[in-house]
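What follows is one structure encoded as structure tokens, with my remarks underneath.
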Number of protein chains: 4
Amino acid sequence: MTEHLDVAKLQRRLADFAAARNWERYHTPKNLASALSVEVAELVEIFQWLTPEESAHVMADPETAHRVTDEVADVLAYLLQLCEVLDVDPLAALSAKIDRNERRFPAPGNT
Amino acid sequence: MTEHLDVAKLQRRLADFAAARNWERYHTPKNLASALSVEVAELVEIFQWLTPEESAHVMADPETAHRVTDEVADVLAYLLQLCEVLDVDPLAALSAKIDRNERRFPAPGNT
Amino acid sequence: MTEHLDVAKLQRRLADFAAARNWERYHTPKNLASALSVEVAELVEIFQWLTPEESAHVMADPETAHRVTDEVADVLAYLLQLCEVLDVDPLAALSAKIDRNERRFPAPGNT
Amino acid sequence: MTEHLDVAKLQRRLADFAAARNWERYHTPKNLASALSVEVAELVEIFQWLTPEESAHVMADPETAHRVTDEVADVLAYLLQLCEVLDVDPLAALSAKIDRNERRFPAPGNT
């Protein structure tokens with residue numbers, strides 16, 4: 001059941017979706033990075049005129065909550081497709097980055 | 001072992017990292033969406049002057065490959081932190097979106 | 001006649017437009033910078049799946065040409081409004097930057 | 001004296017600068033739109049963790065003021081170069097857009 005929510009499976013579904021529509025030729029790393037930036041801007045747009053406080057309560061309105069969730073999905077979709085064509089493992093990349101940051105920037109209490 | 005690579009665990013590590021540095025007050029949805037856009041731009045920057053063909057071979061150079069992987073990690077880090085403060089499940093959001101897209105845009109062979 | 005096309009006059013018209021709608025409270029530098037990034041993404045979106053060659057001929061299609069021109073206007077509008085609230089003279093800033101770049105990066109034939 | 005600050009002259013200087021370095025082949029509309037988005041992100045980065053109030057006082061610190069001015073120059077530089085290769089007049093585009101907006105969104109007092 002939660003199998004559907006596995007990153008590798010989502011990548012496979014995205015790849016199949018693009019292949020069935022013959023979109024692979026558009027999916028250069030350069031184009032996918034651009035598309036990723038466009039989707040992130042659609043997320044930024046939701047917050048652009050809000051105060052910090054308003055932005056913290058954005059999920060209280062069902063319509064905005066839906067829009068936010070939808071844009072998060074689009075951002076993740078292009079990030080995973082970019083990782084697929086680059087053969088980058090996004091979770092391993094982030095795990096390694098957190099390891100590095102923990103060494104480079106020790107928490108105040110640990111210094 | 002692959003437990004480290006679980007999305008929820010990465011979110012927990014990111015939250016702990018921020019909490020230990022007292023950064024939570026900066027992490028409004030509005031600010032995290034901005035930070036996400038800045039990290040995506042650092043990814044776009046790698047590709048901005050490349051031809052489509054050059055962009056497809058960007059991982060062949062170890063230094064560029066490292067830079068790309070690092071920026072992917074930063075993008076995912078801010079996306080997961082944004083999802084955390086918004087209480088959005090990014091994998092469920094994407095799964096639901098793919099379901100919707102498969103219904104809305106049937107593949108040519110399936111029409 | 002070309003007076004309309006003076007940067008300072010356009011800034012004045014934009015400021016009057018915002019003031020008449022009581023929008024000044026939204027126009028913090030932070031918000032205007034976000035809005036600028038959102039408008040630039042709408043420009044990027046036009047080009048995201050195009051080949052370099054297709055992107056070079058984008059003005060040949062009247063509808064796309066109109067869309068491009070409209071997005072350029074929006075980008076310039078937010079850039080000028082940002083400059084207004086920051087009290088930055090954009091043309092003087094660019095002129096000074098070109099001066100600096102000409103000194104820092106001499107053209108190959110001039111070295 | 002203020003001739004230096006004329007938009008058309010700045011465009012000419014930017015074009016000469018690029019031509020002297022043989023950069024024209026990189027300056028497709030697609031690449032320039034990407035570069036514009038990257039420069040805007042560098043501006044957004046300055047504001048990303050600031051409160052609205054802090055963002056309003058960003059020019060009080062000379063170092064930040066210099067950085068802001070420099071990024072504004074870079075944004076304008078790529079916007080003007082994009083307009084040059086597209087043969088779009090940015091000031092005429094904005095003037096026409098303000099005309100349209102004044103008709104479409106009459107100010108409250110004028111309705």
Just tell me which lysines come within less than 19 Å, Cα to Cα, of A:Lys9; anything on the same chain fewer than 8 places away is out. B:Lys9, B:Lys97
Take peptide D:13-19, look around each residue's Cβ out to 10 angstrom, count Cβ atoms belonging to other protein chains, and average those counts. 3
Cβ neighbours within 10 Å from other chains - mean over B:63-75: 5
For B:His66, what accessible surface area do you get with a 1.4 Å probe? Give it in Å², rounded to 10. 110 Å²
For chains D and C related by rotation, which residue of D has the Cβ nearest the axis, and what is the rounded distance in Å? D:Val40, 2
Classify chain B as rounded, prolate or oblate from the Cα gyration tensor: take a ≥ b ≥ c as the square roots of its eigenvalues, call it rounded if a/c is under 1.5, otherwise prolate when a/b beats b/c and oblate if not. oblate
Tell me the distances, shortest first, between A:Lys9 and the same position across the other copies, using label points 7 Å along Cα→Cβ, in nm to one decimal. 1.9, 6.3, 6.5
If you average the sequence gap of Cα pairs under 8 Å that are 6 or more apart and divide by the length of the range B:7-102, what percent do you get for the contact order? 41 percent
Assigning unit charges at the beta carbon (Lys, Arg +1; Asp, Glu -1) and nothing else, what dipole magnitude in debye, to the nearest 20, does the protein assembly as shown show about its Cα centre? 0 debye
When the charge dipole of the range C:33-109 is computed with +1 at the Cβ of Lys and Arg and -1 at the Cβ of Asp and Glu, the Cα pointing farthest to the positive end, of C:Val85, C:Trp49, C:Val72, is that of C:Val85
Treating only the Cβ of Lys, Arg, Asp and Glu as charged (+1, +1, -1, -1), what charge dipole size does the range A:3-44 show about its Cα centre? Round to the nearest 20 debye. 180 debye
Take A:Asn101 and C:Ala96, extend 7 Å from each Cα along the Cα→Cβ direction, and tell me the distance between the two endpoints in nm. 3.4 nm
Run lengths n ≥ 4 of DSSP H only: what is the helix-derived mean residue ellipticity at 222 nm for the protein assembly as shown, with -39500 (n - 2.57) per run over all residues, to the nearest 500? -23000 deg cm²/dmol
Note: B:52-62 gets an average of partner chain Cβ contacts (10 Å, Cβ to Cβ) equal to 4
Compute the label-point distances linking C:Arg25 to its equivalents in the other copies; points lie 7 Å from Cα along Cα→Cβ; give nm, one decimal, shortest first. 2.4, 5.4, 5.5
Pseudo-label separations to other copies for C:Ala92 - Cα-to-Cβ vector, 7 Å, nm: 2.9, 5.4, 5.5
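The values are calculated or read from the model by the stated rules, or taken from the named source; none is laboratory data. Keep in mind it's a predicted model, so treat the numbers as computed, not measured. In this analysis, Cβ positions are derived from the backbone assuming ideal geometry, glycine residues included, and neighbour counts consider all displayed protein chains. Just the protein is used for accessible areas: all its heavy atoms, side chains included, with ligands, DNA and RNA removed. Shrake-Rupley method; radii C 1.70, N 1.55, O 1.52, S 1.80 Å.
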